[in-house]
Each structure stands twice: as C-alpha cells, then as structure tokens.
1. Write down the percent of antiparallel bridges among all DSSP beta bridges whose residues are both part of chain B, to the nearest 5.
2. Hey, rough spin-label estimate for B:Glu51 and B:Thr14, points 7 angstrom out along Cα→Cβ, what's it come to in nanometres?
3. May I ask for the net charge around B:Asn56, where only other residues with Cβ less than 14 Å from the Cβ of B:Asn56 are counted and Lys, Arg are +1 while Asp, Glu are -1?
4. For segment A:24-113, state which trypsin sites (Lys or Arg not before Pro) are in a DSSP loop and have at most 15 other beta carbons lying within 10 Å of their beta carbon.
5. Largest first, please: the extent of the C-alpha atoms of chain B along each principal axis, to the nearest Å.
6. How about segment A:32-113: which chymotrypsin sites (Phe, Trp or Tyr not before Pro) there are in a DSSP loop, with at most 15 other Cβ atoms within 10 Å of their Cβ?
7. Distance from a point 7 Å along Cα→Cβ of A:Lys69 to each backbone N in segment A:1-30: keep the residues under 17 Å and list them by number.
8. How large is the direction-averaged shadow of the alpha-carbon convex hull of segment A:55-113, in nm²?
Amino acid sequence: SQELEQSPQSLIVQEGKNLTINCTSSKTLYGLYWYKQKYGEGLIFLMMLQKGGEEKSHEKITAKLDEKKQQSSLHITASQPSHAGIYLCGADYSGAGSYQLTFGKGTKLSVIP
Amino acid sequence: EAGVTQSPTHLIKTRGQQVTLRCSPISGHTSVYWYQQALGLGLQFLLWYDEGEERNRGNFPPRFSGRQFPNYSSELNVNALELEDSALYLCASSSGQGNSPLHFGNGTRLTVT
C-alpha cells in the first residue's frame, strides 16, 4: 500500500463551491508540503506544515496538519476555474526538511464555471 | 527572479539510446533534485545533489545518473533507454536550508519509442 494516500483521486465542483482534499500518511510525518500542478507542467509550491495542529492560509486555500491522525487537509473556499489542476501532497519522513519528499498520487480538481 | 529552468521541454528517443536532461536552479540555490513522473506511478524521487555531490538517490537502476556543476546546474543522464522510462522528468531546487520548500521547473517530457 502507498505510504501517502490522497483522497479523493478526482473531484469535479461547481464554481463557487467549497471543497476539501485529504492526505493521509501511514508513517510519522515531520513535515507536509502541498503543491499544485497544471497538466504536464511543474509543481507550484502552496504551503508547508510542520507542527501538529498547524494551519496556514493563502488567499482562498487553507491547509491543516493533524498530527494524531498523520493527516493533512487542503480546503478551498469559493472555488474558481483558476483552482483547477492536480494537487499533490509531499511528505518529509526524514526530519531533515524537504529533501527527498515522498509524494501522493495527486487529486485532480476540475472546476465547472 | 528566474525560476528553475529545464531543457529540452520535449524529447523523443528510441529504446536503447541515451539521453541527457539539463536543469538550472534558482539563483542562490545549491541543492538540485530530480523526480520522475510516469503515468500511473506518481512523482518518484530520483536523485539529490548538493554542493556538487550526490547526496541521495531513489530506487532507480544505475543507468540513471547525473552530476552537478560548480555553478549548481545539473544534468540527468539515462542510458540504455527503456519504454517505461517515458515520463515527465522534473527538476527542483532549494536553498539547502532544512525546511525550505522545493521549487520545481516545468519538466522535460521524454518519450521512448
């Protein structure tokens, strides 16, 4: 089984709706990074979470880290077509920072105008 | 500030051939990472270079190799190409500070026929 599971695998939402993407780890997390990727392109860094209970926001995107559950959630409020893409979580299992991140398989988000 | 740049953007090779991919990190970044994103497999860590030295490699055969130059740019070499090497190869750089996030380039799309 995967060390890092993302759910759902894909999501289609109407513009203006809220949505949540989850990232669950089977191992202890030292850090969790969220990235967004447009098809066939590079990854854009969104947020980094390190401490249990930590929550960060950027514009309409909020990410939280639940240390007990070894899980992170990414919440988008009032989704827009510009939010469409593949969201990837990357785990730091070494405690050494962002070296050699282990990534989930991604959640493909489509936003219908 | 220029981001991570990769060349070429696309490449088509025949099985058995060799290929070299290039990456220029963000100015001031000393660490370069290579990832493979193959269809259905997600993003897999390949190699990590820092200050000209290979620091770690992922679970890939020795025909995947690379190097980092004094100006911190990097090359990824793949020998004896196989069909399953077809993928998007992403390069990322970081400042090398423990928690600094990876910044990715747009990748090189390699197709092996």
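Nothing in this text is a laboratory measurement; each read-out follows from the coordinates by a stated rule. These numbers were taken from a predicted model, which means no experiment stands behind them. Methodologically, a virtual Cβ is constructed for each residue, glycine included, from the backbone with ideal geometry; neighbour enumeration extends over all protein chains shown.
1. Working: 37 of 41 bridges.
Beta bridges within chain B, antiparallel portion: roughly 90 percent.
2. Here the modelled spin labels are 4.5 nm apart.
3. -3
4. A:Lys27, A:Lys38, A:Lys51, A:Lys60, A:Lys68, A:Lys69
5. Sorted largest first, the three principal extents are 39, 27, 26 Å.
6. Of the chymotrypsin sites (Phe, Trp or Tyr not before Pro), the ones in loops of segment A:32-113 whose Cβ has at most 15 other Cβ atoms within 10 Å are A:Tyr39.
7. Counting backbone N atoms under 17 Å from the label point, the list is A:4-9, A:19-29.
8. 4.9 nm²
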